Amino acid sequence: MKNLIVVIIFYCCVTFCNAQTIPPFSGENLNNKQVTIPTDTKGKYTLLCFATGMKAQKDLETWLDPVYNKFIAKTGLMDEFYDVNVFFIPVFSGSNASMQGSIRKKFGETAQDDVKGNVLFCKDDLTEVLKTLSISDESTPYFFLLNPEGNIIYRATGPYSEAKFDKIDDLIE
């Protein structure tokens, strides 16, 4: 019995120590609402989707329908029970930074109304956030699931797969 207690305490300590907190950053969604991550998302699970380059778009697009259908439109059986923040975050840096305004305007004109609150444009320099999260490949999207306390509990990269999405689903349930 003592051994079991020691193992449980050890597991809890390792799990707690491995939880990574997302560095705080702010942005404005297409509804012109200021959002600060993780402060404004605490209390709910949050899925963050970062794309740092145009080459990531193809893989990011494979995630759009499943994420939209389950967490935004809630089209599936039992999906209405999911209360998850979702933010798609295009990252502009270097020579691309000057394009942010025009891309934001185009998104605003073409995005569905129910998605506008889920696209977050950051005016802050996200260099430190990207470095902390080990986001370095501009050709792949990065996904982070935060628990209600704002800690990263899952990370995925690249194109959508059922296994990745099932892991997110399992962690939220």
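Read-outs throughout are calculated quantities, based only on the coordinates presented, and are distinct from any laboratory measurement. Quick caveat, the model's predicted, so the values are computed rather than measured. No Cβ is skipped: glycine too gets one built from the backbone with ideal geometry, and neighbour counts run over all protein chains shown.
Report, by residue number, each residue of the range 118-159 that is among the polar types (S, T, N, Q) and either closer than 17 Å to Val67 by Cβ or buried (at least 18 other Cβ atoms within 10 Å of the Cβ) (or both).
Within the range 118-159, Asn118, Thr140, Thr157 meet the criteria.
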Handout entry: Number of the condition not met by Asp124 [criteria: (1) assigned to a helix (DSSP H, G or I); (2) more than 16 Å from the chain's Cα centre (by Cα); (3) in contact (Cβ under 8 Å) with a residue 12 or more places away in the chain]
Key = (1)
Practice task
Specify which of the listed residues (Ile72, Ile89) is touching a strand residue (DSSP E or B) at 6+ places or on another chain (Cβ under 9 Å), crowded, with 16+ Cβ neighbours inside 10 Å, under 23 Å from Ser139 (Cα atoms) and among the hydrophobic types (A, V, I, L, M, F, W, C).
Solution key: Ile89
Practice task
Output the residue which, of all residues in the range 60-78 that are in a helix (DSSP H, G or I) and of a type in the set (Ser, Thr, Tyr), is farthest from Leu48 (Cα to Cα).
Solution key: Thr62
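So, Phe144, is that one touching a residue at least 24 places away in the same chain (Cβ under 8 Å) and under 17 Å from the mean Cα position of the chain (by Cα) or not? So that I can check it myself, show each step before the final result.
Values: touching a residue at least 24 places away in the same chain (Cβ under 8 Å): yes; under 17 Å from the mean Cα position of the chain (by Cα): yes.
Judged against the criteria, Phe144 is a match.
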Exercise for the section: Could you list all residues from the range 22-39 that are over 25 Å from Lys164 (Cα atoms) and surrounded by 14 or more Cβ atoms within 10 Å (Cβ to Cβ)? Expected result: Phe25, Ser26, Gly27, Glu28, Asn29, Leu30, Val35
Problem - Matching entry among Ile152, Ile168, Ile72 (being β-branched (Val, Ile, Thr), more than 22 Å from Ser26 (Cβ to Cβ) and touching a residue at least 40 places away in the same chain (Cβ under 8 Å)) - result: Ile168
